[in-house]
1. Filter region 255-271 down to the residues that are under 26 Å from residue 66 (Cα atoms) and of a type outside the set (Asp, Glu) and list them by number.
2. Between a first residue in region 199-225 that is outside the structural domain of residue 176 (by TED's automatic domain parsing) and of a type in the set (S, T, N, Q) and a second residue that is modelled with pLDDT of 95 or more and surrounded by fewer than 15 Cβ atoms within 10 Å (Cβ to Cβ), which pairs have beta carbons less than 7 Å apart while being 6 or more apart in sequence or on different chains?
3. Being closer than 19 Å to residue 186 by Cβ and either outside the structural domain of residue 274 (by TED's automatic domain parsing) or outside any strand (DSSP E or B) (or both) is the filter here, so list the residues in region 227-241 that pass it.
4. Within region 147-167, track down each residue that is crowded, with 24+ Cβ neighbours inside 10 Å, more than 12 Å from residue 331 (Cβ to Cβ) and in contact with a strand residue (DSSP E or B) (Cβ under 8 Å, 6 or more places away or on another chain).
5. Which residue out of 175, 185 is in a helix (DSSP H, G or I), on the phi < 0 side of the Ramachandran plot, in contact (Cβ under 8 Å) with a residue 24 or more places away in the chain and small (Gly, Ala, Ser)?
6. Name the pairs whose Cβ atoms lie under 6 Å apart, with the first residue in region 306-320 and outside the structural domain of residue 181 (by TED's automatic domain parsing) and farther than 9 Å from residue 136 by Cα, the second crowded, with 18+ Cβ neighbours inside 10 Å and basic (Lys, Arg), and 6 or more positions between them or separate chains?
7. Would you confirm, using the coordinates I've provided, whether residue 223 is farther than 21 Å from residue 176 by Cβ and not charged (D, E, K, R)?
8. Could you pull out the residue among 228, 219 that is farther than 26 Å from residue 287 by Cα and either buried (at least 24 other Cβ atoms within 10 Å of the Cβ) or in contact with a helix residue (DSSP H, G or I) (Cβ under 8 Å, 6 or more places away or on another chain) (or both)?
Amino acid sequence: MVKQHAAVLLAAAAIVLVACSSAAPPAGSGRPPGTVGGPSAATSGCVVGVSWADLTGRWAMWDEPAVKKALDEAGATYISNDAKGSAEMQATNVESLISKGAKVLIINAQGSGTAPSVASATRLGIPVIAYDRLIDDPKALYITFDNVEVGRMQARALLKVAPKGNYMFIKGDKGDANADFLRAGQDEVLAAAIKSGGIKNVGETYTTNWDRGLAQTETEQFLAANGTKVDAVLSENDSMAGGVIAALAAHGLVGKAAVSGQDGDEDALNEVAVGRQTVDVWKDGRILGKTAGEAAIQLCAGATVDQISGTADFTTPAGNSVRSILLKPIPVTKDNLNVVLDAGWIAKGSLCHGVAAGSVAACP
């Protein structure tokens with residue numbers, strides 16, 4: 001694990017963030033200035049194929065509509081399929097999109113099983129955008145949020161409320177590079193406290209498919225092994241945080257142990273408002289989808305990956321260099337819940353359900 005973390009940290013160190021321009025990002029979007037602009041060429045013959053790993057949650061609610069809108073506004077055609085969490089199905093799905101005439105592929109990868117299909121696409125001259133998850137191919141364009149920074153944000157928020165004690169680490173799927181990027185960011189923040197003994201790692205595991213039920217089981221097992229003594233649980237996303245909270249609730253630890261998450265799921269933001277989840281790192285899928293759609297338009301119009309607006313070099317854990325666009329996430333706690341309300345990400349009724357009146361500024 002130490003070697004793996006070291007590799008990821010080196011990769012993270014090689015990230016060159018997108019340079020800023022004078023244009024301001026949309027309020028509450030988390031999108032840095034200088035990222036992809038609008039289409040510059042007619043693209044009525046452009047067919048963009050999108051392969052989703054598992055079209056649920058944030059991706060279904062926010063990301064897909066944003067991709068569709070960007071393509072529609074440019075006159076391009078959107079076709080898609082859903083792997084439903086299966087790497088094998090996604091490999092077939094990508095080939096299907098190619099056979100249906102996709103001129104550009106956007107792939108939200110389910111593990112590394114798509115590598116042969118991606119290689120097939122690039123041999124055919126079809127550009128590939130790795131959407132929200134790394135595809136370790138130098139010819140792909142990687143568009144995501146700064147996941148190492150997401151990990152830092154999670155760790156900072158938990159360290160603030162639990163500066164010492166027992167920590168658990170519920171990581172995402174081992175086949176998803178994001179799991180290690182997040183853990184690397186967490187480690188940057190917590191390394192000194194762990195080394196000094198102020199923080200003790202009492203459980204750490206990957207979670208297949210970022211599954212909520214598995215996360216609950218893993219948390220239960222760690223609690224049993226440590227006499228239910230835990231001060232913080234670094235869950236890498238909101239779905240797993242829901243499982244963690246369920247496990248903590250069974251032992252009367254909800255609200256006592258700090259819990260992290262990411263994505264800005266409605267249920268998780270409500271948990272933050274209620275006080276059951278400490279932080280939810282918000283990744284505005286509307287901005288990510290728009291950025292990917294606009295990049296696809298540029299690729300369809302003949303641009304090469306290194307000519308896409310706002311890209312920078314990113315060094316992968318395997319040492320490959322890919323072009324990337326890294327968007328800025330926003331940590332959301334009880335203190336700044338208004339940011340998601342003001343952005344129209346969640347309705348006040350959903351955010352404030354079950355919240356004691358006046359206990360949270362966003363829920364008067």
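1. Matches in region 255-271: 261, 262, 264, 268, 269, 270.
2. none
3. In the first step, residues of region 227-241 are kept if they are closer than 19 Å to residue 186 by Cβ; the result is 230-241.
Hits for region 227-241 are 230, 231, 236, 237, 238, 239, 240, 241.
4. 167
5. 185
6. So the pair list comes out as 306/323; 311/323.
7. When the stated conditions are applied, residue 223 passes them.
8. Going through 228, 219 in turn, the sole match is 219.
The values are calculated or read from the model by the stated rules, or taken from the named source; none is laboratory data. Keep in mind it's a predicted model, so treat the numbers as computed, not measured. Neighbour counts are summed over all protein chains in view; Cβ atoms, including those assigned to glycine, are modelled from backbone coordinates with ideal geometry.
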